[in-house]
Amino acid sequence: MSETGRHADVPEETLPSERHDAHGDAVAKGENPFADPGLPAHEHRVQDIDEKAARRSERVVAYLFLLSMLATVAFIASYVIFPIDKIVFIWPIGHISALNFSLGLTLGVALFCIGAGAVHWARTLMSDEEIADDRHPIEAEPEVKAKVLADFAQGAKESGFGRRKLIRNTMFGALALVPLSGVVLLRDLGPLPEKKLRTTGWKKGIRLVNQSTNLPLRPEDIAVGSLTFAKPEGLEEDSEDFNENIAKDALMLVRIQPQNIKDKQELAWSHEGIVAYSKICTHVGCPISLYEQQTHHVLCPCHQSTFDLSDGGRVIFGPAGHALPQLHITVKDGFLEAARDFAEPVGPSFWERG
């Protein structure tokens, strides 16, 4: 006979009156084995019964908020103090930007301290007593609204927000200062109104150096019909700011027969037919590198803007908006040198140019 058959033949009155749950505890017949066990007895924390402990926790929270404020101030100070190109060695990270490290560290500390202070406040000072609440319809009835407001008022009272002024004031201070970090970062949306785009590295008395040989240029080094690229003396390719400076200082030199120079100012700023013009295209800043010696035209390879170097560098074709700036050059001790900086900003137009 099968096991099922044997159980089916046993009369119900002979079955045991109790059964056992998964833990072996007896469950009376007719009782619900999944009944709500209820909430455990509430255990008071040290801060609930000892005001000194509560004040210690209050000071800890206040110190965390205060540290957040100091970290935010340090964030702003780091942004001002450290130059963008300063590199420091931090073990075990290695070589890293001092600005990036200081900004990340101070902002991280500021945000962490606000979070840690809020968590410590909630775990040690706010009420942790669990309250059972029956489910209710989704719609908000007047009674529900009144209850929500009452619960909010009770929560505010239990949090001690109104009574513990030290925590409240330091928290307000931390939350008020942290957004300043984002405000400071708005500076990187664009350069501050300065004159960086209006001036270059060319000044009176600075020699013209051949960019290929790195040697000072003499007038006899510039042949008729040739195109020579130059840079200011002292600007080295291994310097950290070379790319930033050469983007404004790059120069091209051509030698034209003086009688073929049409513009009077161009002739006055030249030396024996040697004229110096900015190499940076006035359209979008591409380097000009193509020269046609018969027409004295230079061509930008990016968008085919064409300039006439025999007529003041004016635009004769393409999207460039204005002529190439000319550098006034002279000769001293047999070497070519600048007589002054460019008379106008080099490269593309910008909104501050005016």
Restricting to Cα pairs below 8 Å that are 6+ residues apart, what does the relative contact order work out to for region 81-206? Please round to a whole percent.
19 percent
Alpha carbon Rg of the chain, scaled by the compact-globule rule 2.2 N^0.38 Å
1.96
Gaussian network model of the chain, Cα springs within a sub-10 Å range: biggest mean-square fluctuation belongs to which of Val331, Val178, Val109?
Val331
Measure up Lys86/Lys195; Lys203/Lys231; Lys195/Lys264; Lys204/Lys248; Lys231/Lys264; Lys86/Lys279 against 20 Å on the Cα-Cα distance and list the ones that go over.
Lys86/Lys195; Lys195/Lys264; Lys231/Lys264; Lys86/Lys279
Can you tally the net charge around Asp241? Count Lys and Arg as +1, Asp and Glu as -1, for every other residue whose Cβ sits under 14 Å from the Cβ of Asp241.
-3
Just Leu180, Leu66, Leu215 to compare: in a GNM of the chain, with alpha carbon springs under 10 Å, which one fluctuates most?
Leu215
Ignoring any ligand, DNA or RNA, what whole percent of the accessible area of the chain comes from carbon and sulfur when the probe is 1.4 angstrom?
59 percent
Remind me, relative contact order of the chain in percent, using alpha carbon pairs under 8 angstrom and six or more residues apart?
12 percent
Highest-first arrangement of 46-57, 90-101, 289-300, where packing means the average Cβ count within 10 Å
289-300, 46-57, 90-101
Under 5 Å from the placed amide H of Ile274, counting only residues 5+ away or on other chains, we find Ile256
With a cut-off of 8 Å between alpha carbons and a minimum separation of six or more residues, what is the relative contact order of region 46-124 in percent?
40 percent
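The values are calculated or read from the model by the stated rules, or taken from the named source; none is laboratory data. Just so it is clear, the model here is predicted, and its values are computed rather than measured. Cβ coordinates were reconstructed from backbone atoms using ideal geometry, including for glycine residues, and neighbour counts include every protein chain displayed. Note: areas computed on protein heavy atoms with side chains; ligands, DNA, RNA excluded. Shrake-Rupley method; radii C 1.70, N 1.55, O 1.52, S 1.80 Å.
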